[in-house]
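Everything below concerns the one structure shown next.
All of the numbers you see were taken from the coordinates with simple rules; none came from a lab. What you see is a predicted model, and the numbers here were worked out from it, not measured in a lab. Glycine gets a Cβ as well: all are built from the backbone with ideal geometry, and neighbour counts include every protein chain shown.
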Amino acid sequence: MSELIRRYGSSLTWIIILFTAFWLLVLVLIPNFVLFEFSFKPYLPVDQLGGPKDFYSLNNYWTFFNSPIHIRIFFQTVLYSSAVTLLCLIMSYPLAYFLAKVVDPKTAPSIFLLLIIPLWVSEILRSFAWFIILAYNGPLNAMLQGIGLEPVRWISGFNAVIIGLIYSYLLFMLLPIYNAISSLDTNQIEASEDLGASLWRTHWRVVIPHSKPGIASGCVMVFMLCAGSVIVPSTLASPSSRWFTEIIQQWMFEGLDWNTGAAYAFLLLTLCIIFVSLVMRLLNVRLVDIAK
Amino acid sequence: MSEDVTLSNISMDFGKFRAVDKVDITIKAGEFFSFLGPSGCGKTTILRLISGFMDPTEGKVLIGGKDMTGTRPNERPTALIFQNLALFPLMPIWENIAFGLEVRGVDKVARRAKAEELLKLVDLHESADKKVSQLSGGQKQRVAIARALAVEPKVMLLDEPLSALDLKLRQHMRAELRAIQKRTGVTFIYITHDQGEALAMSDRVGVMSQGVLQQVATPNEIYNNPSNGFVASFVGENNIFDGKIKSIKDGEASYETSLGNFAAKIGPGVNKDTPVRLYVRPEHCTLTKSAAKSGNSIPVEVTESAFEGNFINVFLKDKAGHTHMAQVQNDPSAPPPQRSAKVQMNFDADHGVLLAHAKTRS
Amino acid sequence: MNSHRFGHYAIRTYVVLFIAFMLLPLIVMGGAAFNDTRFPSIYPWFGFTTHWFQELWADGRMWGAARNTVFVAIAVVALSVPIGTAGAILLNSLQARSRSIIYGIMVAPILTPGAVIGISTLLFWYKFNVPAGLHLSVLGQVSYIAAYVMLLVLARLQSFDAGLEEAALDLGASHAQVMRRILLPHLYPAIFAGALIGFFQSAENFNVTLFTRGNSDTLTVYVGSKIRSGITPTINALAFLLIAATVIGVIIYEIRRRRADAAMKLAEE
Ligand SMILES: Nc1ncnc2c1ncn2[C@@H]1O[C@H](COP(=O)(O)OP(=O)(O)OP(=O)(O)O)[C@@H](O)[C@H]1O
Ligand SMILES: [Mg+2]
């Protein structure tokens, strides 16, 4: 604070503090607090607000815990989000390593440029692309039939959702891991190999520990994006595969019960907070390492 | 054109640590003044106090007789040349130099003209549109000086500006800096830990140790009449003897050491009970085969001699095992004593001086 | 030796497959825009048509949504850039403990699902009787896009020498001049990158917008509702245009990068 005034004078310091305060208080902290508060209030018509029925309770959360369907959907969301996170990690790591350490540093940017093209095309179009590909009469099945296989009903169960989620969020895993591995001194890898370590050992003992912050960052982002995804499930889900965000939408838009919606949104937020802390604990990294 | 600077009994505390302790001095207008001292003794802190980046915990800074308390750096008539120069990397050279004018609202044509003029002054005519990164160390140095001069400061503050340069360039820049100072007449306050630099360039030198100003005098005076042991040993080489004063008569003392009694001058402020050491410069020591009849003489053994060109440093060991050095002229007709030769080291009472220890923080 | 060679080919094949996995869906989607059938697909092929582009062109709702998207994105950039920059400068001057707390609050929105941001923004302003609409979408998006700007600017600040600020002050610059002439020019690359990322993040945002938009459309919401109610290949036409624009952008970028590389090499020699 005094440091800021010394460097930029008091009027600029006030502007800086005002901007930051607006952001953190008005856009981040208080809205989340309001969400929290709303989730304990009952849903009432306008004329009954402030009336005798308007008191805090856990009723909105009971709605969730008394609904086996909602609980099941919640855990399915957790399960499949975790699975997608793991698959993304397995798919990204070799490529990240290859791009960071094996390929000629001059061509790596070109490969990246190719890979990043889908990121510029919005998420909704990306899932729509898979909707076309995976259609029962679509090109993928046509190809399978072409090589003499049976067509598969892709858009059933969670198949299509998983594929869509992987496709949508894979790069959020690849980029942080790539960045982390890039910062590893190549000499360390060579030293390890020079000391006789096998390929697996070099990765297990040198490269992976070094890229832990990137891995943590990728896992947290991908999990959060999956669990909170609205588009992919609504485009690619079948009637038997529902996502937790769809329940939230139901409360908000169809039930118009914003209070229960807030409670469900708060559950989703809690899930993400738990996941972040779990990853931080498990991989022993700090928040500063994750968000870069 | 230039102003005097008075540090009126200033102290600076960082928490419990006192980096500058009761420094009290007036630097005259148009003077080239150096603060000389080892790393960490508080030199940079003094400059930052003068330029206004910090305010002293105690005491006042006056420039041209005006109290500067509460005056911010951009309002003081000083220009600081930073230890790392701090040139603006995103601006071409001429914009760097004209920056001080730009922020004062001078129009572009006049700025450019002034920049060109200053570039000539520092011998960099062709470089106006170059980038900072395209210049060599010495050129950057000169741009920094030109940038500081552009705002026509009354006082220039230079924080070890030559430390990043190689030896050759450093020596060249010494002369250059001195010439620029004479040409502009601006008061220069120069900071260095290099005694050669301070002695060669300055009108006066202030020697510092641990935040305390030890002596302020001309280079000649500092070297020949150091006021205490710290100054004597920080500036130039010395043979040092431990002992105590036995008696004082007519400004000359009899000094008792484990090697015998020596006659020596007494330094400033020394009386019979002051704890002192005896300091003798190597160039004032002579070597002879046998003891001289008068003066001080110590039997020693030659351990090493180093040929330096016009003189030879002869390293000696006394019977207590302490090492000394004598500097003798290179005279091809009289070769220096060989290793392990037993000789006498002699010095006049006039050239040995008894000095008190350094002043310390109160 | 042999196993080494095998590994070599295996990883190369993998890279090619990976790239194909990322790009083929876009080709399929773009290709379907030219197929003369009501249901978007590239197989079976019913013949080439540009009919779907004409239909897209004539779709007034799409134009409205596109305009809204651009307005929202511009507003988001206009707010996030100063806010994120201020946040980074503030953070940079803080000491260890308060620094990590504020940092945590600042990056939290990045790790929060868009639906939660959308709903909390909606409810917060509802308390003050501000109705839903694109203005709320802007505020909701700013809450996390400002964090991206903050991270970029913060990284850039690490390479800034604070001594330059002092040098400028010493030369007589005012604090505002120091900011404008010394600090901001150093931060511009990060600020531009932040503005660019912010613009595209905003344009492709769906979740926050969905809950805060009221009755207004943005392009993503428009496409979303189209997918729910009556899919036609006009969506593919739109996708094709977006992909084409991206690819052209990528090609231009790549050419300029190669030129810059070549120029660097020349300069080195
Ligand atoms: N901002 C500060 N906070 C705490 N201590 C400081 C600060 N600035 C300087 N010091 C301390 O004050 C003492 C003097 O520092 P100063 O920078 O003046 O030394 P110096 O004589 O310029 O040394 P050098 O030749 O290495 O540049 C040092 O011990 C330093 O650690
Ligand atoms: Mg210093």
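Ratio of Rg to Rh for segment A:238-292: 1.17 [Cα atoms; Kirkwood radius as inverse mean 1/r over pairs].
Among the residues of A:30-39, the average count of other protein chain beta-carbon atoms within 10 Å of the residue beta-carbon is 6. Projecting the Cα positions of A:N60, A:I15, A:Y136 onto the charge dipole of chain A (unit charges on Cβ atoms of Lys, Arg, Asp and Glu, taken about the Cα centre) puts A:I15 furthest along the positive direction. Across segment A:112-195, how large is the tail of the calculated P(r) beyond 22 Å, expressed as a percent of all Cα pairs? That fraction is 49 percent.
Pairing the Cα long axis of helix B:108-121 with the longest principal axis of chain B, what angle in degrees results, from 0 to 90 and rounded to the nearest 10? With rounding to tens, the tilt is 20 degrees. Do the alpha carbons of any pairs in B:K130/C:K265; B:K168/C:K265; A:K106/A:K212 sit beyond 30 Å of each other, and which pairs? The pairs that break the limit, which is 30 Å between Cα atoms, are B:K168/C:K265. Only the Cβ atoms of Lys and Arg (+1) and of Asp and Glu (-1) were treated as charged; on that basis the dipole of the protein assembly as shown about its Cα centre amounts to roughly 600 debye. Scaling the Cα radius of gyration of segment B:242-340 by the globular reference 2.2 N^0.38 Å produces a ratio of 1.21. Working note: 222 nm ellipticity from helices only, DSSP H runs with n ≥ 4, each -39,500 (n - 2.57), summed and divided by the residues of the protein assembly as shown, gives -17000 deg cm²/dmol to the nearest 500. Placing dummy labels 7 Å off each Cα toward the beta-carbon, the span from A:D194 to A:R286 is 3.2 nm. Under 12 Å Cα to Cα from B:K244, which aspartates and glutamates show up? Leave out anything in the same chain fewer than 8 places away. Excluding near neighbours in sequence, the set is B:E256, B:D273.
Computed from the C-alpha gyration tensor, the three semi-axes of the ellipsoid equivalent to segment C:3-66 are 39, 15, 7 Å, from longest to shortest. About the centre of its Cα atoms, segment B:238-356 shows a dipole size close to 320 debye [charges on the beta carbon of Lys, Arg (+1) and Asp, Glu (-1) only; nearest 20 debye].
Just how many % of Cα pairs in segment A:8-138 lie over 17 Å apart, if you round to the nearest whole percent?
82 percent
Our Cα-only numbers for the protein assembly as shown put the radius of gyration and Dmax at 38.3, 124 Å. Each listed q (0.11 Å⁻¹) maps to a log10 I(q)/I(0) for chain A from the Debye sum over equal C-alpha point scatterers, namely -0.88. Volume per residue of the convex hull around the Cα atoms, evaluated for segment C:45-200, comes out as 195 Å³.
Can you give the angle from 0 to 90° between the axis of helix C:96-107 and the longest principal axis of chain C, with both taken from C-alpha atoms, to the nearest 10? The answer is roughly 20 degrees.
Rounded to the nearest whole angstrom, the semi-axes of the ellipsoid equivalent to chain B, taken from the Cα gyration tensor as √(5λ), stand at 46, 25, 15, largest first.
For the residues of A:98-105, the average number of beta carbons from a partner chain within 10 Å of their own beta carbon is 2.
Please pull out the direction-averaged projected area of segment B:91-244, using the convex hull of its alpha-carbon atoms, in nm² to one decimal place.
Result: a mean projected hull area of 11.1 nm².
Between B:A341 and A:D47, the simple label model (points 7 Å from Cα in the Cβ direction) yields a spacing of 12.2 nm. Among the listed pairs B:K317/B:K342; B:K28/B:K154; B:K246/B:K272; B:K28/B:K140; B:K120/B:K140, which are separated by more than 19 Å between their Cα atoms? Result: B:K28/B:K140 exceed 19 Å. To the nearest ten degrees, helix B:137-150 and the longest principal axis of the Cα atoms of chain B are 60 degrees apart. Sequence neighbours fewer than 8 away in the same chain don't count; with that in mind, list the aspartates and glutamates whose C-alpha is under 13 Å from B:K289. Here the aspartates and glutamates satisfying the reach criterion relative to B:K289 are B:E301.
Shown for segment C:123-269 is the translational diffusion coefficient from the Stokes-Einstein equation, using the Kirkwood radius over Cα pairs, a temperature of 20 °C and a viscosity of 1.002 mPa s: 110 µm²/s. Estimated translational diffusion coefficient (Stokes-Einstein, Kirkwood radius over Cα pairs, 4 °C, 1.567 mPa s) of chain C: 58 µm² per second. Considering only A:T107, A:T63, A:T260, the mean-square fluctuation computed in a Gaussian network model of chain A, springs between alpha carbons under 10 angstrom, is largest for A:T107. Within chain A, the selection of entire DSSP H helices by a Cα span of 30 Å or greater along the long axis and an average Kyte-Doolittle value of at least 0.5 returns A:68-97, A:159-182, A:258-283.
In debye to the nearest 20, how big a dipole does chain B give about its Cα centre with +1 on each Lys and Arg Cβ and -1 on each Asp and Glu Cβ?
280 debye
Averaged over the residues of C:38-44, the number of partner chain Cβ atoms lying within 10 Å of the residue Cβ comes to 5.
Give the separation of the Cα centroids, segment B:273-352 to segment A:215-257, in Å. Taking the Cα centre of each part, segment B:273-352 and segment A:215-257 sit 90 Å apart. Think of segment B:5-230 as having a plus end and a minus end, set by charges on the Cβ of Lys, Arg, Asp and Glu; of B:A148, B:A110, B:L162, B:A110 sits farthest toward the positive end of this dipole. Here A:K53 is the anchor, and the lysines within straight C-alpha reach of less than 16 Å, apart from those fewer than 8 places off in the same chain, are A:K41. Reducing segment A:52-99 and segment C:22-88 to their Cα centroids gives an inter-centroid distance of 30 Å. Measuring how big segment B:49-100 is from its alpha-carbon positions, Rg and Dmax come out at 13.7, 41 Å.
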